[in-house]
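**Student:** Below you will find the structure I want to go over with you.
The values are calculated or read from the model by the stated rules, or taken from the named source; none is laboratory data. Just so we're clear, the structure is a prediction, and the values are computed from it rather than from any experiment. Using ideal geometry, Cβ is built from the backbone for each residue, glycine included, and neighbour counts are taken over all protein chains shown.
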Amino acid sequence: MLTRSLARPFRRGIVSCRPLYKNVPKFDDAELLADELNHGSYKAKRRRGDFEWADRSSQEMEKEYQDRMAKMMKLSAALQGLLIVAGLGAAATAYMKWPQIKGWWITRDMKLDDDAIEQIKRRKERKRALDFPIIPTTALPSSEPGLYFWGAGRNDGQNQRFPLRIPHFDHRKLRDVALSSVDGNLAINDKGDLISWDAKSMHMVLEGQNLVKVKASNGAAYALNKRGEILVVPLRDAAKRSDNVKWHRSWLLPWKKYCQYKWKLDTKNAFAGRSEKRVTDFDVGKDHLLFISNAGKAYVCATGITPPEKAKSRGQFGVPALSQFDRFPELNKVFEVELLNYGVGGDKVVTRTIQKVACGDYHSLALDSLGDVFSFGQNTHGQLGHPISYDMEYVPFPKKVGNFNAHFTRDTHLRCIDIHCGSNTSFVSVVPQDVHKYFRNKGKVSLEEELDKVTYFSFGNGIHGELGNGHFKHSQQEPTKLKVVNDLPESAEAKAPKRLKISEWSCGGEHFFCRLEDDEIVAWGSNDAGQLGNGKKIKTCKPTNIPKLLEPGTSRPEQLLDVSGFLHLAPEQHIVAGENSSCIYWKAV
């Protein structure tokens, strides 16, 4: 009703206006234009001024030209950017989908036969056989002493992904071997002479010193002799090395000469007591050396031959006066790590007995007689076992590592029994003990009964699988358990199976080997140069078995794929991991 009432006035207005529309005059277009219509051709009338432009100055024309060119350049840059983005996207897509693209390209004109899968298998087997080294039947078997080498630095044209013999070490036993991609490979023969070698040749570096252990760091070899002295041997400067060598004739046997080497670490001024006379063990990093005396004290020094220009302390010396804020220390000058050798117990200073030390590139671990682990140095990846932060990037003093409690019950006393280091990774072996039994016997509890409970931990950098925990991780500050070796039964048929313990470690830069109690070898870590010795270049993040040594007459990969083909070492054989290479040698007694 409301809408009808509103519409009525509107209708009345329209009706009332209709008479007015009738009075409006009407015109036709033809009538309006009739005067101008004729039979002549039509010509448009334009004024001359329509084609005349106003005069402009050269500056205005130049500015207009520049504006036009700027717009063109912007448009061109935008188009180029779009093309680049499209090209990158296409390249990334092609890279991610390359196996599918390659498979499509190969099979675009092929018909899928019934034996297509078998053909692919045979093709892969042929390719694999070409990469597999052929061992002649005249070669020495793995039971004969010698040295097997694989990984980077194999400069004789042989396959670097499998352990192969170095001919000039056949029938020879060695006291120690050190592998380095920068300073070269070193070895100590059964007479205690220092040798430099590669896959093609070997050279005598220093003889007649009765050496037992050697490490390379910053262009120098550091060798420990049986007298407990550490010799500093330049590797790149033969003249400087010969300046420290003197030959003497024996008084008892005048027809014989012996070599005397003068350059040694000055430990006499560093050792305090009379009973402290010799070095028992040592380890090196990129530019530091940490050693233990027979009194159980730790000492440190910077390594190298020539003073470095841009060397920087990262706290790896464990001495607060040699922190990252201080000048780099004098090379080969020995300093005592006092905060490691002494501690505070109650209200008095107690003396610690250091049993073992281990060095990474720029960090160090130390184990004392009470089973405590101390760390110092660089902590960028959490390799010290401490929280990663700006304040804890470099720790220039020994600090106790104690983050293992989360993996055990509260009624256990934890005791560390072993330590090892990679470049930026740390490993600690921990034995849990009954805390009531421990305090009841005042800490005098034998570890023999508890060794079966040992647990292996790792922390630090694991981007290449160095942690061995089944993950690739850039940093790990909390100790994490290693895979496989912590849950490996000795025999599935045994009524009470027990885990196989690790009897020997060999830590390289980013890859590692462990020798189990049954002499089986497991490996993990980086493998870009084939340093794991499994015939591949794929890294692994947990301990895995590697194939056995190739015997004479071996020519097919299938001979290494059976279960009995895993690598087991003889008692006199030892495996060594370098920075990106590895070797197996026979140890001289």
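**Student:** Starting from the stretch 358-371, take each residue that is touching a residue at least 24 places away in the same chain (Cβ under 8 Å) and list its partners that are in a strand (DSSP E or B) and of a type in the set (S, T, N, Q), counting only C-beta distances under 6 angstrom and pairs at least six apart or across chains.
**Tutor:** Pairs that qualify, where the first residue is touching a residue at least 24 places away in the same chain (Cβ under 8 Å) and the partner is in a strand (DSSP E or B) and of a type in the set (S, T, N, Q), are Y362/Q378; H363/Q378; L365/S375; L365/S426; L367/Q355; S369/Q355.
**Student:** Among the residues of the stretch 428-451, how many are in contact with a strand residue (DSSP E or B) (Cβ under 7 Å, 6 or more places away or on another chain), closer than 18 Å to R499 by Cα and not small (G, A, S)?
**Tutor:** Here the count works out to 8.
**Student:** What number of residues in the stretch 153-170 are over 22 Å from L194 (Cα atoms) and touching a residue at least 24 places away in the same chain (Cβ under 8 Å)? Even if it seems obvious, please write down each step before you answer.
**Tutor:** Pass one, the stretch 153-170, residues over 22 Å from L194 (Cα atoms): 156-164.
Right, trim to touching a residue at least 24 places away in the same chain (Cβ under 8 Å) and you get 156, 158-164.
Count: 8.
**Student:** Can you tell me which residue in the stretch 402-413 is surrounded by the most Cβ atoms within 10 Å (Cβ to Cβ), limited to those that are within 17 Å of S375 (Cα to Cα) and not polar (S, T, N, Q)?
**Tutor:** So the residue we want is F404.
Yes/no matrix, rows are residues, columns are (1) under 20 Å from A295 (Cβ atoms); (2) in contact with a strand residue (DSSP E or B) (Cβ under 8 Å, 6 or more places away or on another chain):
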position: K310; (1), (2): no, no
position: Q316; (1), (2): no, yes
position: A321; (1), (2): no, no
position: L331; (1), (2): no, yes
position: E336; (1), (2): yes, yes
position: Y342; (1), (2): yes, yes
position: K348; (1), (2): yes, no
position: S375; (1), (2): no, yes
position: H381; (1), (2): no, yes
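**Student:** In addition: Give me the pairs, please: first residue somewhere in the stretch 518-529 and in contact (Cβ under 8 Å) with a residue 24 or more places away in the chain and on the phi > 0 side of the Ramachandran plot, second residue anywhere and assigned to a strand (DSSP E or B) and surrounded by 20 or more Cβ atoms within 10 Å (Cβ to Cβ), beta-carbon distance under 6 Å, and either six or more positions apart or on two chains.
**Tutor:** Final answer for the pair search is G525/H511; G525/F512.
**Student:** So which of V319, V344, V350 ends up being touching a residue at least 12 places away in the same chain (Cβ under 8 Å) and of a type outside the set (F, W, Y)? Full working, then the answer.
**Tutor:** Values: V344 fails: touching a residue at least 12 places away in the same chain (Cβ under 8 Å); V350 fails: touching a residue at least 12 places away in the same chain (Cβ under 8 Å).
Checking each option against the conditions leaves just V319.
**Student:** Let me spell it out: the conditions are (1) modelled with pLDDT of 95 or more; (2) over 24 Å from the mean Cα position of the chain (by Cα); (3) assigned to a loop (DSSP other than H, G, I, E, B), and K400 meets all of them except one. Which number is the exception?
**Tutor:** (3)
**Student:** Which members of the stretch 226-260 meet the condition of being without any contact (Cβ under 8 Å) to a residue 40 or more places away in the chain, within 30 Å of N294 (Cβ to Cβ) and of a type in the set (K, R)?
**Tutor:** K226, R241, K246, listed by residue number.
**Student:** How many of the residues making up the stretch 418-443 are in a strand (DSSP E or B) and either of a type outside the set (D, E) or more than 25 Å from L384 (Cβ to Cβ) (or both)? So that I can check it myself, show each step before the final result.
**Tutor:** Applying the first criterion (in a strand (DSSP E or B)) to the stretch 418-443 yields 418-421, 425-434.
Checking the rest, the ones that are also either of a type outside the set (D, E) or more than 25 Å from L384 (Cβ to Cβ) (or both) come to 419-421, 425-434.
Of the residues in that region, 13 qualify.
**Student:** Could you say whether any residue in the stretch 314-325 is at pLDDT 95 or above, among the hydrophobic types (A, V, I, L, M, F, W, C) and part of a loop (DSSP other than H, G, I, E, B)?
**Tutor:** Yes; the residues of the stretch 314-325 include at least one that is at pLDDT 95 or above, among the hydrophobic types (A, V, I, L, M, F, W, C) and part of a loop (DSSP other than H, G, I, E, B).
**Student:** Which residue out of K240, K257, K246, K262 is farther than 15 Å from D176 by Cα, in contact with a Pro (Cβ under 6 Å, 6 or more places away or on another chain) and not small (G, A, S)?
**Tutor:** Numbers: K257 fails: in contact with a Pro (Cβ under 6 Å, 6 or more places away or on another chain); K246 fails: in contact with a Pro (Cβ under 6 Å, 6 or more places away or on another chain); K262 fails: in contact with a Pro (Cβ under 6 Å, 6 or more places away or on another chain).
K240 is the lone residue from the list that is farther than 15 Å from D176 by Cα, in contact with a Pro (Cβ under 6 Å, 6 or more places away or on another chain) and not small (G, A, S).
**Student:** On to the next question. Does F149 count as among the aromatic types (F, W, Y), outside any loop (DSSP other than H, G, I, E, B) and buried (at least 20 other Cβ atoms within 10 Å of the Cβ)? Let's see the steps before the verdict.
**Tutor:** Values: among the aromatic types (F, W, Y): yes; outside any loop (DSSP other than H, G, I, E, B): yes; buried (at least 20 other Cβ atoms within 10 Å of the Cβ): yes.
In short, yes.
**Student:** Restricting the stretch 185-203 to residues that are touching an Asp or Glu at 6+ places or on another chain (Cβ under 7 Å) and modelled with pLDDT under 95, which is farthest from K536 (Cα to Cα)?
**Tutor:** By that ranking, first place goes to K200.
**Student:** Can you tell me which of V344, V395 is farther than 20 Å from H413 by Cβ, under 28 Å from the mean Cα position of the chain (by Cα) and part of a strand (DSSP E or B)?
**Tutor:** Matching residue, one of V344, V395: V395.
**Student:** Checking the conditions here, which among D361, D368 is under 15 Å from L290 (Cβ atoms) and within 20 Å of the chain's Cα centre (by Cα)?
**Tutor:** Working: D368 fails: within 20 Å of the chain's Cα centre (by Cα).
Testing whether each residue is under 15 Å from L290 (Cβ atoms) and within 20 Å of the chain's Cα centre (by Cα) leaves just D361.
**Student:** Looking only at the stretch 372-401, count every residue that is over 27 Å from G578 (Cα atoms), surrounded by 15 or more Cβ atoms within 10 Å (Cβ to Cβ) and free of Cβ contacts under 8 Å to residues at least 60 places away in the same chain and tell me the total.
**Tutor:** 3
**Student:** Next question. Taking the conditions exactly as written (surrounded by 19 or more Cβ atoms within 10 Å (Cβ to Cβ), among the basic types (K, R) and more than 26 Å from L289 (Cα to Cα)), does R175 satisfy them or not?
**Tutor:** Numbers: surrounded by 19 or more Cβ atoms within 10 Å (Cβ to Cβ): yes; among the basic types (K, R): yes; more than 26 Å from L289 (Cα to Cα): no.
When the stated conditions are applied, R175 does not pass them.
**Student:** Against the definition (within 20 Å of the chain's Cα centre (by Cα) and either under 27 Å from V284 (Cα atoms) or at pLDDT 90 or above (or both)), how does A588 come out, yes or no? Before you say what the answer is, go through the steps one by one.
**Tutor:** Details: within 20 Å of the chain's Cα centre (by Cα): no; either under 27 Å from V284 (Cα atoms) or at pLDDT 90 or above (or both): yes.
Taking the combined requirement at face value, the residue does not satisfy it.
**Student:** Aliphatic (A, V, I, L, M) and either at pLDDT 95 or above or assigned to a strand (DSSP E or B) (or both): does that describe A366?
**Tutor:** Details: aliphatic (A, V, I, L, M): yes; either at pLDDT 95 or above or assigned to a strand (DSSP E or B) (or both): yes.
Against the criterion (aliphatic (A, V, I, L, M) and either at pLDDT 95 or above or assigned to a strand (DSSP E or B) (or both)), A366 qualifies.
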